[in-house]
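Undergrad: Please read through the structure below; I'll follow up with questions.
The values are calculated or read from the model by the stated rules, or taken from the named source; none is laboratory data. As the structure is a computational prediction, the values presented were derived from the model and not from experiment. With ideal geometry, Cβ positions are generated from the backbone for all residues, glycine too; neighbour counts draw on all protein chains shown. Ligands, DNA and RNA are excluded from the accessible area calculation, which covers all protein heavy atoms including side chains. Shrake-Rupley method; radii C 1.70, N 1.55, O 1.52, S 1.80 Å.
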Amino acid sequence: MSGTRKHAPDHERVEGVFVLGMHGSGVELVQALLNRMGLRSLGSEAADGIDPLVALNDRLLEASGGSRRELPEIAPGEVARMLGRFADEARSQFGDAREASGAPGDALPWVWADPANSFLIPFWAHALGARVAVVLVHRNPGAVVRSGDSLTMTDADLLDQWDRHNRAAMVQCSQWPSMVLSYEELVSTPKETIFELGEFVDACGWSVASDAEGALELVDGLSRDEATPADGRAVGAQYRVLGQVLEQLHGIHIGPETPRDDPTALLEAVSNFYGEDYYGSSYDQSGVPYQRGEKLWEDLFARLADSIVATIGPRTTLDAGCATGMVVEALRDRGVDARG
């Protein structure tokens, strides 16, 4: 699932690359790889040991009603509007970071890895007025939990944050030239993955001096055991499904010839993920399987259907996201032309 376009015209050339993903998924590693491949890394510690851009992102998350431990609940499309008052400060801080990186003006493209940008790109792209690209690097959720270098959270909270970071990053991939890769493939097939990263840089319109050997050295020291997927039984089905979706998105997505612009391709890829096993295991309540014949669910959907009929009185209904269709059946039992 990849396609590239090299030597883009100046008006289509990206100015920089955001590396997105969950803490502990390899975002900093991918930034370092792109730096070895000629891009200028942003982000450096000030005298007090704090990266000014990271500190600003912390404030942006807080102003949005969230934090690094819990991403804000507002929709990505609302981010730029809600945070508009920070635009001048952001441009100033970003300019300082560009100067510190040794790439003033538009001499070379920049690369910036911060998991918070999975949520904040709409603000930054608007504030900078820049054409950007994104690399989404994801990692098996069980491995993120095992890594211990993410955030100080419970396993359940880590999995929730893995889910939210990757879903937010997927939205950004649909908006900008993008590349999706996994930490596991980077560790297990470093030469191939680094070569594809180079293709992505070319496709973004840049021909830069690349230190491929130096890039390989960064990965060669990693244990191949880290590329082994964690035991999937310890991870809920909803997370395994998202992992499968991310796998389907692997590759470079730039231009109208790529599958990103054909939603039916992804729809066909994921249509078989949501089968009986997915709902049966993911929707259990107190150990009660989510299936027909279970009194808990039959009573719940009977009450729900009675309430819909009593309060709305519809002749027809469409349940978007009907799972196995139990509420649809309950409505039909009450004379409603229900579909799901």
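Undergrad: Can you list residue pairs whose Cβ atoms sit under 7 Å apart, with the first residue in the range 290-316 being more than 17 Å from Gly340 (Cα to Cα) and the second being modelled with pLDDT of 90 or more and acidic (Asp, Glu)? Count only pairs 6 or more apart in sequence or on different chains.
TA: Hits for this filter: zero, empty list.
Undergrad: Is at least one residue of the range 77-88 without any contact (Cβ under 8 Å) to a residue 12 or more places away in the chain and under 18 Å from the mean Cα position of the chain (by Cα)?
TA: Yes - at least one qualifying residue is present in the range 77-88.
Undergrad: Also, I was wondering about something else. State the number of residues belonging to the range 12-49 that are touching a helix residue (DSSP H, G or I) at 6+ places or on another chain (Cβ under 8 Å), modelled with pLDDT of 90 or more and hydrophobic (A, V, I, L, M, F, W, C).
TA: 10
Undergrad: Working carefully through the options Pro72, Pro9, Pro52, find the one that is open to solvent by less than 10 Å² (accessible area, probe 1.4 Å) and either over 17 Å from Phe123 (Cα atoms) or at pLDDT 80 or above (or both).
TA: Details: Pro9 fails: open to solvent by less than 10 Å² (accessible area, probe 1.4 Å); Pro52 fails: open to solvent by less than 10 Å² (accessible area, probe 1.4 Å).
Criteria check complete, one pass: Pro72.
Undergrad: Of the residues that sit in the range 126-142 and are among the small types (Gly, Ala, Ser) and at pLDDT 85 or above, which one is surrounded by the fewest Cβ atoms within 10 Å (Cβ to Cβ)? Break it down into steps so the answer makes sense when it comes.
TA: Restricting attention to the range 126-142, the residues satisfying the condition of being among the small types (Gly, Ala, Ser) are 127, 129-130, 133, 142.
Next, only the ones that are at pLDDT 85 or above stay: 127, 129-130, 133.
On the way: Ala127: 20, Gly129: 9, Ala130: 14, Ala133: 27.
Top of the filtered list is Gly129.
Undergrad: Looking at the structure I just gave you, is Ala107 surrounded by fewer than 24 Cβ atoms within 10 Å (Cβ to Cβ), modelled with pLDDT of 90 or more and aliphatic (A, V, I, L, M)?
TA: Numbers: surrounded by fewer than 24 Cβ atoms within 10 Å (Cβ to Cβ): yes; modelled with pLDDT of 90 or more: no; aliphatic (A, V, I, L, M): yes.
Spelling it out, it is not the case that Ala107 is surrounded by fewer than 24 Cβ atoms within 10 Å (Cβ to Cβ), modelled with pLDDT of 90 or more and aliphatic (A, V, I, L, M).
Undergrad: Looking only at the range 151-169, filter to residues that are open to solvent by 40 Å² or more (accessible area, probe 1.4 Å) and under 24 Å from Gly77 (Cα atoms); which one of those is nearest to the chain's Cα centre (by Cα)? Write out each step before concluding.
TA: Taking the range 151-169 first, the residues open to solvent by 40 Å² or more (accessible area, probe 1.4 Å) are 151-152, 154-157, 160, 164, 167.
Still in the running and under 24 Å from Gly77 (Cα atoms): 160, 164, 167.
Details: Asp160: 13, Arg164: 7, Arg167: 4 Å.
Only one residue fits best here, namely Arg167.
Undergrad: Answer yes if at least one residue in the range 298-306 is small (Gly, Ala, Ser), surrounded by 15 or more Cβ atoms within 10 Å (Cβ to Cβ) and at pLDDT below 85, and no otherwise. Don't jump to the end; show me each part of the working.
TA: In the first step, residues of the range 298-306 are kept if they are small (Gly, Ala, Ser); the result is 302, 305.
Add one more test, that the residue is surrounded by 15 or more Cβ atoms within 10 Å (Cβ to Cβ), and what stays is 302, 305.
Next cut, at pLDDT below 85 only: none.
Scanning the range 298-306, I find no residue that is small (Gly, Ala, Ser), surrounded by 15 or more Cβ atoms within 10 Å (Cβ to Cβ) and at pLDDT below 85, so the answer is no.
Undergrad: Also, I was wondering about something else. Return the residue satisfying two criteria in turn: it lies in the range 224-261 and is among the hydroxyl-bearing types (Ser, Thr, Tyr) and open to solvent by 10 Å² or more (accessible area, probe 1.4 Å), and of such residues it is modelled with the lowest pLDDT. It would help to see each step written out before you state the result.
TA: Step one: of the range 224-261, the residues among the hydroxyl-bearing types (Ser, Thr, Tyr) are 228, 239, 258.
From what's left, open to solvent by 10 Å² or more (accessible area, probe 1.4 Å): 228, 239.
Working: Thr228: 51, Tyr239: 84.
So the residue we want is Thr228.
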